[in-house]
Amino acid sequence: MKGLEKIRGRRKIFLGMGVFLGLLASGLAGYYVGNSSKANRIVKDPQTIKNADTKQEKNLYDGSSLTLSEMYSSLQGASGSDFDHRLLVYEIAIKQNETGMLRIAKEKSQQDSMKKYIDIQMGQNDTVAKMLYEWQRNWGFSHH
């Protein structure tokens, strides 16, 4: 019986050590991933984002100059009114670009079903853009 108890005791010790080492490895991996990302880092000015690869600073409130990845990263670091402001700016920029692409597609597409889709999508974009601009005006968000 004592031999069986020793085995169970050792299992518990090994299991506990395994859990501890697993948690430690996860924590270290999370720290490494969080600190090693060269993508976009927010710098001293809270209205700019700096791309570590290009060393270029961009205004967070100029949606037309940011990539979708930069917009996404910016939104992850924002909260409250700042989040709302950035989201509106980015959504407006995306809708403007999408509408421009749809106009070109309408001219060049050879598929009637694609042209129908384009008409529907352009109508929806117009409705959404008006709503976004109204919110921007009503909430006091202006371009920086």
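Read-outs: derived from the displayed coordinates by stated rules, not from any lab. Since we're looking at a predicted model, the values are computed, not measured. Positions of Cβ are generated from backbone atoms using ideal geometry, with glycine treated the same way; all protein chains shown enter the neighbour counts.
Below are the figures for this structure:
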| item | result |
| --- | --- |
| Filtered residues of region 69-84 (kept if exposed (fewer than 15 other Cβ atoms within 10 Å of the Cβ) and part of a loop (DSSP other than H, G, I, E, B)) | Ser79 |
| Looking only at region 90-113, and only at residues there that are loosely packed, with under 14 Cβ neighbours inside 10 Å and of a type in the set (A, V, I, L, M), the one that is farthest from the chain's Cα centre (by Cα) | Ile104 |
| Total residues in region 120-144, condition of a type in the set (Gly, Ala, Ser) and either assigned to a loop (DSSP other than H, G, I, E, B) or exposed (fewer than 10 other Cβ atoms within 10 Å of the Cβ) (or both) | 2 |
| Hey, Tyr117 in a helix (DSSP H, G or I) and within 22 Å of the chain's Cα centre (by Cα) or not | no |
